[in-house]
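Comments concern the structure below.
The numbers here are math on the coordinates, done by the rules we state, and not lab data. The structure presented is a predicted model; accordingly, all values stated were derived computationally and were not measured. All Cβ positions, glycine included, derive from the backbone under ideal geometry; neighbour counts span all protein chains shown.
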Number of protein chains: 2
Amino acid sequence: MTNHFRKDLDALGQNIRTIREKKGLSQESLSFKADLHRTYLSQLESGQRNPSYTTLLKLANALSVSIFELINGGIKESDIENQE
Amino acid sequence: MTNHFRKDLDALGQNIRTIREKKGLSQESLSFKADLHRTYLSQLESGQRNPSYTTLLKLANALSVSIFELINGGIKESDIENQE
């Protein structure tokens, strides 16, 4: 089942990594802030994990972004609508 | 840990129910469309479940809404920004 969403999980992981790096945080410090295991965060960033809703909320809080930005890689929906 | 997010899970469940009812779908038909067990959907709608990212994607697809609308209860981010 999760293979069907391989692309989505890869994109989500890439988004988390991009935002984390933009914020100048290491995996170590983000995993500490988000109360997640560092190995879990590393696997999540490489698309190997299917995070729960509350894990997404913890990551968004720790990165000081909205859950929407976390899922869309730091791009606000209003930015998308302006491009269409 | 999940208790900390009790309110968020309740709100998410309520959003899913509101959108489902707006679309005129029963729990039976939505759970079939989203390839989820009906009991799981019922518990999810009452805030007793912490769905994974791919489950959120399946629900959003089945309800023909974006994952953002699913999380925000059918309100587009641009609607929120206009209110602020």
- Teacher prompt: A:Ser46 distances to equivalent labels in other copies, 7 Å Cα→Cβ, nm: 4.2
- Message: Apply the Karplus curve 6.51 cos²θ - 1.76 cosθ + 1.60, θ = phi - 60°, to the phi angles in segment A:14-20 and return the couplings in whole Hz, x for Gly and Pro.
- Response: 5, 4, 4, 5, 4, 5, 4
- Computed FRET value (nearest 0.05) for B:Ser64 with A:Gln14, which takes r as the C-beta separation and R₀ as 30 Å: 0.70
- Query: Which ³J(HN,Hα) values in Hz, rounded to whole numbers, follow from the phi angles of segment B:45-56 under the Karplus curve 6.51 cos²θ - 1.76 cosθ + 1.60, where θ = phi - 60° and Gly and Pro get x?
  - Reply: 5, 9, x, 9, 10, 10, x, 7, 4, 5, 5, 4
- Which whole number gives the average count of other chain Cβ atoms within 10 Å of the Cβ atoms across peptide B:48-54? 6
- Message: Below 8 Å between Cα atoms, with a sequence gap of 6+, how large is the relative contact order for segment A:2-83 in percent?
- Response: 36 percent
- Obtain the nm distance between the two label points defined at A:Glu28 and B:Ser46 by a simple spin-label model: each point lies 7 Å from its Cα along the Cα-to-C-beta direction. 4.6 nm
- Query: Along Cα→Cβ at 7 Å, what distances in nm separate the A:Lys22 label point from those on the other copies, shortest first?
  - Reply: 2.7
- Note on the structure: With a ≥ b ≥ c from the Cα gyration tensor eigenvalues, square-rooted, and the rule rounded for a/c under 1.5, otherwise prolate when a/b > b/c and oblate otherwise, segment B:2-83 is oblate
